[in-house]
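S.K.: Mind looking over this structure? Questions follow.
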Amino acid sequence: MSVDEQSEAGKSGAVTANAQWGGRFAGGPSAIMREINASIGFDKAMWRQDIAGSLAHAAMLAKVGIISATDETKIRNGLTEIGREIEAGTFIFDDALEDIHMNIEARLSERIGEAGKRLHTARSRNDQVATDFRLWVRDAADGISAQIAALMLSLATRALEYADTAMPGFTHLQTAQPVTFGHHLLAYVEMLSRDRGRLADARRRLNECPLGSAALAGTSFPIDRKMTAAALGFDRPTANSLDAVSDRDFALEYLSALSILAMHLSRFAEEIVIWCSAPFSFIRLSDAFTTGSSIMPQKRNPDAAELARAKIGRVAGSLISLLTVMKGLPLAYAKDMQEDKVPVFEATEAVSLTLAACDGMVRDLKASERQMRTFAGSGFSTATDLADWLVRVLKLPFRTAHHVTGRLVALAEAKGTDLAELSLADMQSVEPGITNDVFSVLSVEASIASRTSEGGTAGANVRQQAEAWLKKLAPGATGAAA
């Protein structure tokens, strides 16, 4: 009976049993039950991991004598051919077979007969899906990590280019002190480096192999779990069969790392939106990353950045979704856990696209250095430099210097001038000890150049840090990509 025929039979009440269940069920599920129960619509994304797990399992079964070498060869060849069918788009996925595991196993038995039915010896779908999902998340984490490294490389490249470009540094989105654009970009390199670290940590913890835990209690067959773990690139087998089949911490950790990453990308995207706005005009994005308006012909909207900013909603929502699914589940496996994959798949797709968009915008943007320099000197941004000079030269306590500087700022504001435009007499009216030397620290350039402390914004610091990151992230360098 075809899938369509089975569907129609389900609607009419004449249901057909799933052949994979054997003799336990005389009838089959209703159409509604089949629809809610089937996961093949999304878990077919794990077909490569499922085939890899089955190949490792079959090789182990043959080595320990549970199946014959002849059967293992048939299974290996059959799975290889099924992989080619799926890649070519000729494989027919059957909803009646519920999931990727049963679809592949049924096709294998169809191709090679009895040998295919021996493959599931000493394993369950519970340890099979746990293994497949770990493999998928591990592969996805490696791919996301490589994309993060690419974005970091782009940011470090532009940071070196703009190592001496002055811009206003903000707190509370109010002008605070002058920094350089390169320094600002490197801040995101640091954030992204931590994101890679979180993914690497999560990857280390997930890299244990559940295969061989069977349904929940292990198996009575003399299997070699260390062999299958090594074949699949895991560090070791999982230690407890109950935990192995019911654990989804690895997916939660992965989603948590993606959520923090998406939050960082959203912050960066928000800054791009601000910098592109006409009142700021710090940067310009080309037509490649902007759109127009249907009514206002002058508009150049940073829609790529706005959409990148919004993706955090999807990603963080995926984390909350899976946390909610797992909350309160008793050991061991429950069908609720079939809902684990869609959030992970969707979050991965959203983050991957966002990383690509941010990388493209970083490489595309052009800074308006004159505009940035103008704003860098606004809002009395060198007031802290004045206070530091009072401490360093006049030996005033910092709190006293802070008070004096505040009075001088008020004076400049009343006169409608900047601090550097006050006369020496004006300054001495507030603090008689001030000398003409004070004007040497009140320019934007002097302020930036003075910030030579480790991690500071001085141009030499920025160049050193940018070059260090470029060396570390260069293709072929250790740690460049996961």
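S.K.: For Leu331, only one of the following conditions fails: (1) over 27 Å from the mean Cα position of the chain (by Cα); (2) in a helix (DSSP H, G or I); (3) among the aliphatic types (A, V, I, L, M). What is its number?
M.R.: Failing condition for Leu331: (2).
S.K.: Please find, within the range 453-475, the residue that is most open to solvent (accessible area, probe 1.4 Å) out of those that are part of a loop (DSSP other than H, G, I, E, B), closer than 18 Å to Gly169 by Cα and not hydrophobic (A, V, I, L, M, F, W, C). Lay out the reasoning, then the answer.
M.R.: From the range 453-475, those part of a loop (DSSP other than H, G, I, E, B) are 453-458, 474-475; that's our starting set.
Going one step further and asking which of them are closer than 18 Å to Gly169 by Cα, we end up with 453-458.
Applying the additional criterion that residues be not hydrophobic (A, V, I, L, M, F, W, C) yields 453-457.
Details: Ser453: 77, Glu454: 187, Gly455: 60, Gly456: 13, Thr457: 7 Å².
Per the criteria, the residue is Glu454.
S.K.: Same structure, new question: Under 9 Å between Cβ atoms, at least 6 apart or on separate chains: pull out the pairs that start in the range 118-137 with a residue that is farther than 16 Å from Ala215 by Cβ and end on any residue that is hydroxyl-bearing (Ser, Thr, Tyr) and not in a helix (DSSP H, G or I).
M.R.: Arg118/Ser68
Table: residues versus (1) in a loop (DSSP other than H, G, I, E, B); (2) out of contact with any Leu (no Cβ under 7 Å at 6 or more places or on another chain); (3) open to solvent by less than 40 Å² (accessible area, probe 1.4 Å).
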site	(1), (2), (3)
Met152	no, no, yes
Leu155	no, no, yes
Asp164	yes, yes, no
Gln177	no, yes, no
Gly182	no, no, yes
Glu190	no, yes, no
Asp195	no, no, yes
Leu199	no, yes, yes
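S.K.: Can Ala387 be described as closer than 30 Å to Phe181 by Cβ and buried (at least 20 other Cβ atoms within 10 Å of the Cβ)? Working first, answer last.
M.R.: Working: closer than 30 Å to Phe181 by Cβ: yes; buried (at least 20 other Cβ atoms within 10 Å of the Cβ): yes.
For Ala387, the condition - closer than 30 Å to Phe181 by Cβ and buried (at least 20 other Cβ atoms within 10 Å of the Cβ) - is met.
S.K.: Here's a follow-up. Considering only the range 306-317, I want to know if a residue exists there that is surrounded by fewer than 16 Cβ atoms within 10 Å (Cβ to Cβ), in a helix (DSSP H, G or I), over 24 Å from the mean Cα position of the chain (by Cα) and not aromatic (Phe, Trp, Tyr).
M.R.: Looking for residues that are surrounded by fewer than 16 Cβ atoms within 10 Å (Cβ to Cβ), in a helix (DSSP H, G or I), over 24 Å from the mean Cα position of the chain (by Cα) and not aromatic (Phe, Trp, Tyr), one finds none in the range 306-317, hence no.
S.K.: Where residues in the range 277-305 are touching a Gly at 6+ places or on another chain (Cβ under 8 Å) and surrounded by 15 or more Cβ atoms within 10 Å (Cβ to Cβ), which of them is modelled with the highest pLDDT? Before you say what the answer is, go through the steps one by one.
M.R.: Filtering the range 277-305 for residues touching a Gly at 6+ places or on another chain (Cβ under 8 Å) gives 288-289, 299-301, 304.
Filter once more, so that each one left must be surrounded by 15 or more Cβ atoms within 10 Å (Cβ to Cβ): 289, 300-301, 304.
On the way: Phe289: 88, Arg300: 82, Asn301: 88, Ala304: 93.
Step by step, filter the range 277-305, then rank; the result is Ala304.
S.K.: Lys335 passes all but one of (1) under 27 Å from Val189 (Cβ atoms); (2) open to solvent by 30 Å² or more (accessible area, probe 1.4 Å); which number fails?
M.R.: Here Lys335 meets the rest and fails (1).
S.K.: Can you tell me how many residues within the range 97-128 are farther than 19 Å from Glu81 by Cβ and of a type outside the set (Asp, Glu)?
M.R.: Within the range 97-128, residues that are farther than 19 Å from Glu81 by Cβ and of a type outside the set (Asp, Glu) number 7.
S.K.: Inspect the range 365-383 for any residue being more than 28 Å from Arg158 (Cα to Cα) and of a type outside the set (Val, Ile, Thr) and give the result as yes or no.
M.R.: From the range 365-383, those more than 28 Å from Arg158 (Cα to Cα) are 383; that's our starting set.
Subset that is of a type outside the set (Val, Ile, Thr): 383.
Looking through the range 365-383, at least one residue is more than 28 Å from Arg158 (Cα to Cα) and of a type outside the set (Val, Ile, Thr).
S.K.: Just the residues that are open to solvent by 40 Å² or more (accessible area, probe 1.4 Å) and without any contact (Cβ under 8 Å) to a residue 40 or more places away in the chain, please, taken from the range 421-450.
M.R.: Glu421, Ser423, Leu424, Ala425, Gln428, Ser429, Pro432, Asn436, Phe439, Ser440, Ala449
The values are calculated or read from the model by the stated rules, or taken from the named source; none is laboratory data. Treat the numbers as computed from the prediction; the structure is a model and nothing was measured. Quick reminder, even Gly has a Cβ in these numbers, built from the backbone with ideal geometry, and neighbours come from all protein chains shown. Surface accessibility is based on the protein's heavy atoms, side chains included, excluding ligands, DNA and RNA. Shrake-Rupley method; radii C 1.70, N 1.55, O 1.52, S 1.80 Å.
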